[in-house]
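The values are calculated or read from the model by the stated rules, or taken from the named source; none is laboratory data. What you are looking at is a predicted structure, and each value in this text was computed from that prediction instead of being measured. Cβ placement follows ideal geometry from the backbone for every residue including glycine, while neighbour counts extend to all protein chains displayed.
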Amino acid sequence: MATIKSLNKWANAHTYYLIDLLRVALGIFLFVKGVNFMSNLQEMMEVAKPFENIPGGMGILHYVAPAHFVGGFLIVIGLLTRWAVLAQLPILIGAVLVNFLGEMNTTNLVLAFVALLVCIFFLFYGSGKHSTDYYLKMQK
């Protein structure tokens, strides 16, 4: 708990609109990916093809789209950002691995790797000063 408080104090002291814009862009990207996966099941099945022989492989399909959809929205508004990012990490690690286990697509690899790096940053940074978390904390 003390670690999270110290991270929040540091993040609130070093908050910039560019970082908030990056958080919102990440959230929008994940939200759009979630909507895209929900609306295009065939593409989702193609992406998950390398994991179809793994036990529980179909569970991946049922986890990815809602996690991107809900997590992206929470990241955009800055509510429970660390938890939302934590839910994205297995998906993004899997997205990077799909490129090595399946057919290599450099565009998808770069997008997944950049999203993974930004998520790791926000796992430590948090939602920042311009967020719903900060607003709710100040209302106490």
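In the condition set (1) crowded, with 16+ Cβ neighbours inside 10 Å; (2) closer than 25 Å to Tyr125 by Cα; (3) at pLDDT below 90, Phe73 is compliant with all but (3). Being in contact (Cβ under 8 Å) with a residue 12 or more places away in the chain, small (Gly, Ala, Ser) and assigned to a loop (DSSP other than H, G, I, E, B) is a condition met by no residue of region 81-94. Elements of the type helices (runs of 4 or more DSSP H) sitting completely within region 1-50 and holding at least 1 residues that are modelled with pLDDT of 85 or more and among the acidic types (Asp, Glu): these cover 17-39. Looking across Val118, Val64, one residue alone is buried (at least 17 other Cβ atoms within 10 Å of the Cβ), among the hydrophobic types (A, V, I, L, M, F, W, C), touching a Phe, Trp or Tyr at 6+ places or on another chain (Cβ under 7 Å) and touching a residue at least 24 places away in the same chain (Cβ under 8 Å). It is Val64. A residue that is in a helix (DSSP H, G or I), charged (D, E, K, R) and either closer than 30 Å to Lys5 by Cβ or under 11 Å from the mean Cα position of the chain (by Cα) (or both) occurs somewhere in region 113-134. Here is the figure for region 56-73: residues that are part of a helix (DSSP H, G or I) and farther than 17 Å from Met38 by Cβ total 1.
Assess whether Val110 counts as being over 11 Å from the mean Cα position of the chain (by Cα) and at pLDDT 90 or above. So Val110 fits the description; yes.
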